[in-house]
Amino acid sequence: MFIDRVEVEFTAGKGGDGCTSFRREKFVPRGGPDGGDGGKGGSIIFEARVGVNSLAAFANRRFFRADKGRHGEGSLRHGRKGRDMRLFVPCGTSVIDIADGFVIKDLTTPGEQFVICRGGRGGHGNARFKSSTNQVPRTHTVGAPGEERHVVLELKSIADVGLIGKPNAGKSTLLSRISSARPEIAEYPFTTKFPNLGIVDVDQERSFVTADIPGLIEGASDGVGLGHEFLRHVERAGLLVHLVEPTPVDGSDPIENYAAIREELRQYDENMADRDELVVLTKSELDPDAEVLQEMQQHFKDHPVEHQRDLFAISAAAEIGLRELVEEIMDRVTERRQEMMEAGEDVNPIREVDVPTESKKKRRVPPHKVGPTAALSNDHQARDVPEMWGKQSPMGRTLAEPEEQQDATTHSDSDPQP
């Protein structure tokens, strides 16, 4: 089930209360206060993770509460800290405050973390209040309550390419031909009711993510059809692929359909309307004389635009022109990624296996197990290794040549030669 917008309430854990206690033990006069502090409440943490593609985990649960901190006890025993609640969300999730409507945090990078609610601080036991003037304190403090948030989680898919167009324009068919995604395909309109994501592997080293959103119709900005609420899934896409059907079932003009969708984009977001696009004439086998293709080319000449716009003709069913279209999309995506890296922005990995893993910290090795002394043992001493004579040990001492060997060398030098 694909869920891209949920309303949730979060409550962090309350801190544990401090304890009022006095040490009462035989043969220990004037034991004094020994009440421990309460533990801190657990916090709620969001983490963006590759591989999580929906907010379905939040669909059937309205309230999330972290663990409370445990109360302090006598003998200066502090309460245990409440366990933090870590929630995984897809990359591209926006956390929006309901009361004021502002975006608290936008999680776009894999591994990015954000504490949405901090746990309450634990209370102090009476041992904290002892002093020279207050040797028998009988007061303690209660734990502070955890933070509360009422937010909306909204997913804006991070895709390189966004497929837009009228219903039955062939978006789902194209996605199923160039990727491993299997969206629902039928002859009736509005078959796609929620966005579909697919990874297109051009070769072993190049790939991109494509988002297929439900079809748009004229008046979508006023709520006609499925509306245009799903357009937020292509807001982050650097390239729009606009699919146009040459012979619509309803008998409408394909050029007018193209212009109507462009106007809906402009009403939704001016920046999206000026984004680079590839106009793809689908089902080209239904236009054998290429009349619609020529009319589209003439329309582009009569109505120039400031952004980059190219025209392609394909047939997903007959697999005509798909390779050329995929190569052109890949070139555009590669160029955009290069611009992002030059600007200092991070390029998100596509698959979970592409996420770099943190290497484990190396254990500290004792000095005598590093360098020339690493191979030494009780049976294999430094005097048994001629290569180590005269070298400095890890403790700063110079390893001298054995006396027996020195004597033998001296005698051999003083003995007369035969």
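The values are calculated or read from the model by the stated rules, or taken from the named source; none is laboratory data. This is a predicted model, so every value here is computed, not measured. Please note: Cβ atoms are built from the backbone with ideal geometry, for glycine as well, and neighbour counts cover all protein chains shown.
For the stretch 54-63, the criterion of being surrounded by 22 or more Cβ atoms within 10 Å (Cβ to Cβ), of a type outside the set (S, T, Y) and touching a residue at least 60 places away in the same chain (Cβ under 8 Å) is met by no residue.
Can A66 be described as surrounded by fewer than 21 Cβ atoms within 10 Å (Cβ to Cβ) and of a type in the set (A, V, I, L, M)?
no
Residues being β-branched (V, I, T) and not in a loop (DSSP other than H, G, I, E, B) are entirely absent from the stretch 50-66. Among the listed residues T20, T11, identify the single one that is within 46 Å of the chain's Cα centre (by Cα), in the same structural domain as H78 (by TED's automatic domain parsing), under 30 Å from E154 (Cα atoms) and among the polar types (S, T, N, Q). Exactly one residue qualifies, and that residue is T11. Restricting attention to the stretch 98-124, the residues that are in a strand (DSSP E or B), surrounded by 14 or more Cβ atoms within 10 Å (Cβ to Cβ) and in contact (Cβ under 8 Å) with a residue 24 or more places away in the chain total 7. Within this structure, G15 passes the test of being modelled with pLDDT of 95 or more and either of a type outside the set (K, R) or farther than 20 Å from A144 by Cβ (or both). For G165, the conditions (1) on the phi < 0 side of the Ramachandran plot; (2) touching a helix residue (DSSP H, G or I) at 6+ places or on another chain (Cβ under 6 Å) all hold with the exception of (1).
Only residues that are touching a helix residue (DSSP H, G or I) at 6+ places or on another chain (Cβ under 9 Å) and not in a loop (DSSP other than H, G, I, E, B) were counted in the stretch 304-328, giving 10. Within the stretch 244-303, being of a type in the set (K, R) and assigned to a helix (DSSP H, G or I) holds for R262, R266, K301. Before we move on, is A273 closer than 26 Å to E295 by Cβ and modelled with pLDDT under 80? Yes; evaluated as a whole, the condition is true for this residue.
For Q297, the conditions (1) modelled with pLDDT of 85 or more; (2) surrounded by 17 or more Cβ atoms within 10 Å (Cβ to Cβ); (3) not β-branched (V, I, T) all hold with the exception of (2). Under the condition of being out of contact with any Asp or Glu (no Cβ under 7 Å at 6 or more places or on another chain) and either surrounded by fewer than 19 Cβ atoms within 10 Å (Cβ to Cβ) or hydroxyl-bearing (S, T, Y) (or both), which residue from the stretch 74-83 is nearest to G13 (Cα to Cα)? Among residues in the stretch 74-83 that are out of contact with any Asp or Glu (no Cβ under 7 Å at 6 or more places or on another chain) and either surrounded by fewer than 19 Cβ atoms within 10 Å (Cβ to Cβ) or hydroxyl-bearing (S, T, Y) (or both), the one nearest to G13 (Cα to Cα) is R80. In the stretch 146-224, counting only strands (runs of 3 or more DSSP E) that sit wholly within it, the ones holding 3 or more residues that are at pLDDT 80 or above and either closer than 22 Å to P246 by Cβ or not assigned by TED's automatic domain parsing to the domain that holds T282 (or both) span 148-155, 161-165. Only one of the numbered conditions (1) surrounded by fewer than 20 Cβ atoms within 10 Å (Cβ to Cβ); (2) in contact (Cβ under 8 Å) with a residue 40 or more places away in the chain; (3) more than 32 Å from the chain's Cα centre (by Cα) is violated by A127, and that is (1).
If you go through the stretch 329-348 and keep only what is of a type in the set (D, E) and part of a helix (DSSP H, G or I), you end up with D331, E335, E339, E342. Checking every residue in the stretch 89-101 against the condition of being acidic (D, E) and touching a Phe, Trp or Tyr at 6+ places or on another chain (Cβ under 7 Å) gives zero matches.
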